[in-house]
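Notes follow the structure.
The values are calculated or read from the model by the stated rules, or taken from the named source; none is laboratory data. Quantities reported herein were computed from a predicted structural model and do not represent experimental measurements. FYI the Cβ positions are ideal-geometry reconstructions off the backbone, even for glycines, and counts take in every protein chain you see.
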Amino acid sequence: MSCEEDLCEELDEHFASCHLEATVDYCQSEEYECYARCLLDATCGEIWEPGAELNSCFTICSESVLCDDGQTSISAGWICDGELDCLDGSDEARCP
Ligand SMILES: [Ca+2]
């Protein structure tokens with residue numbers, strides 16, 4: 001899965017709406033893409049709380065889980081993110 005420019009723009013807008021002026025580039029690697037998606041789900045309060053949401057995003061994105069096929073592993077943050085990442089689609093199969 002490669003990073004999409006849309007994702008960066010979305011994150012920039014999200015940060016701007018939280019009155020964060022810094023423009024950040026989270027699109028350098030797959031880990032950063034997970035990190036960007038995680039931050040997009042965070043509220044302004046969570047982003048502003050020192051380290052809290054940032055650290056939990058790092059934790060989520062650095063954990064990897066095995067797909068049902070037993071061969072592919074993906075970042076835990078990719079489970080139920082609306083995109084198929086496991087070849088067998090198991091990361092999106094049991095979502096609410
Ligand atoms: Ca997914």
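Data table
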read-out	value
Glu46 modelled with pLDDT under 85, surrounded by fewer than 17 Cβ atoms within 10 Å (Cβ to Cβ) and of a type in the set (D, E, K, R)	no
Selected residue (criterion: farthest from the chain's Cα centre (by Cα)) from residues of segment 69-89 that are within 22 Å of Cys57 (Cα to Cα) and not hydrophobic (A, V, I, L, M, F, W, C)	Thr72
Single unsatisfied condition, Cys61 versus (1) over 22 Å from Glu13 (Cβ atoms); (2) touching a residue at least 12 places away in the same chain (Cβ under 8 Å); (3) assigned to a helix (DSSP H, G or I)	(1)
Check on Asp85, buried (at least 16 other Cβ atoms within 10 Å of the Cβ) and modelled with pLDDT of 90 or more	yes
In segment 60-73, the residues that are farther than 19 Å from Asp41 by Cα and either of a type outside the set (Ser, Thr, Tyr) or within 11 Å of the ligand (Cβ to nearest atom) (or both)	Val65, Leu66, Cys67, Asp68, Asp69, Gly70, Gln71
Test: residue in segment 70-79 that is aliphatic (A, V, I, L, M), outside the structural domain of His19 (by TED's automatic domain parsing) and modelled with pLDDT under 85	yes
Residue in segment 1-17 that is in a loop (DSSP other than H, G, I, E, B), modelled with pLDDT of 80 or more and surrounded by fewer than 13 Cβ atoms within 10 Å (Cβ to Cβ) present	no
Residue in segment 40-57 that is hydrophobic (A, V, I, L, M, F, W, C), away from the ligand (no atom under 11 Å from the Cβ) and in a loop (DSSP other than H, G, I, E, B) present	yes
Residues being more than 9 Å from the ligand (Cβ to nearest atom) and not in a loop (DSSP other than H, G, I, E, B) - total across segment 78-96	1
